[in-house]
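The values are calculated or read from the model by the stated rules, or taken from the named source; none is laboratory data. All values derive from a computational prediction rather than experimental measurement. Neighbour counts run over all protein chains shown; Cβ positions are idealised from the backbone, glycine included. All accessible areas refer to the heavy atoms of the entire protein, side chains included, with ligands and DNA or RNA removed. Shrake-Rupley method; radii C 1.70, N 1.55, O 1.52, S 1.80 Å.
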Amino acid sequence: TKLLQPTDGLEPITFKYLLGLLASTGLRISEAIRLTVRDVDLDKGILAIRETKMHKSRYVPLHFTTQQALQAYSSLRDKKVFSNPDSKFFLLDGGRPLIIGNTEVKFRWLREKVGLTKNPRLYDFRHTFACKRLLKWYKERKDIDAMIIYLSTYLGHVRPNDTYWYITAIPELLAVASKRF
């Protein structure tokens, strides 16, 4: 985030915490940038994801470290711009909200500046989150068919079949699943 200008502005701070939230929760980028201050319960550590894909809403619990990070971001943000319960949670200088297209362009720019060659997308944080959870469950010898509904609900999928797709997403996970089968 030191590449973003101005270095003492809100944009570098916002991107740091936005990327951290995506990595730690598996939210869709659209869900993260649509969050309002009211949607982020920093006392209870719960996000209210409202009217997202397929008009579904859900609550997403946060790990305490993510909760603490968002509390830190909220404090930093509020020192730089005014926010109210209806404001977007993630803001840029001047109180401007993130826009998905601009956020994706900025991420591509950052990706190029740091020399990433695999060209990850913001949405890939979600894929990585889901694959790592499934891989962990396989390694713990959990019954994936029994557990998939939890991940499906957490991710906001309409059907568990939409979540099973992740099993084929990375070779390591596919190999573990095939071996178990």
Within region 102-127, the count of residues that are hydroxyl-bearing (Ser, Thr, Tyr) and at pLDDT 90 or above comes to 2
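Matching residues to (1) over 19 Å from the mean Cα position of the chain (by Cα); (2) over 20 Å from Gly20 (Cα atoms); (3) of a type in the set (S, T, N, Q):
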| site | (1), (2), (3) |
| --- | --- |
| Leu76 | yes, no, no |
| Ile99 | no, no, no |
| Asn102 | no, no, yes |
| Lys113 | yes, no, no |
| Arg159 | yes, yes, no |
| Thr168 | yes, yes, yes |
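Out of everything in region 149-168 that is open to solvent by less than 40 Å² (accessible area, probe 1.4 Å) and closer than 17 Å to Leu27 by Cα, what residue ends up being modelled with the lowest pLDDT?
Only one residue fits best here, namely Tyr166.
Being under 17 Å from Leu22 (Cβ atoms) and either free of Cβ contacts under 8 Å to residues at least 24 places away in the same chain or charged (D, E, K, R) (or both) narrows it down to one of Arg141, Arg121, so name that one.
Among Arg141, Arg121, only Arg121 is under 17 Å from Leu22 (Cβ atoms) and either free of Cβ contacts under 8 Å to residues at least 24 places away in the same chain or charged (D, E, K, R) (or both).
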Scanning region 62-117 for residues that are open to solvent by less than 100 Å² (accessible area, probe 1.4 Å) and among the charged types (D, E, K, R), the one nearest to Pro6 (Cα to Cα) turns out to be Asp93
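Hey, can you tell me all the residues within region 1-24 that are within 29 Å of Tyr154 (Cβ to Cβ), open to solvent by 10 Å² or more (accessible area, probe 1.4 Å) and part of a helix (DSSP H, G or I)? Quick ask: steps written out before the conclusion?
Taking region 1-24 as the starting set, the residues that turn out to be within 29 Å of Tyr154 (Cβ to Cβ) are 1, 13-24.
Okay, now just the ones that are also open to solvent by 10 Å² or more (accessible area, probe 1.4 Å), so 1, 13, 16-17, 19-20, 23-24.
Within region 1-24, Ile13, Lys16, Tyr17, Leu19, Gly20, Ala23, Ser24 qualify.
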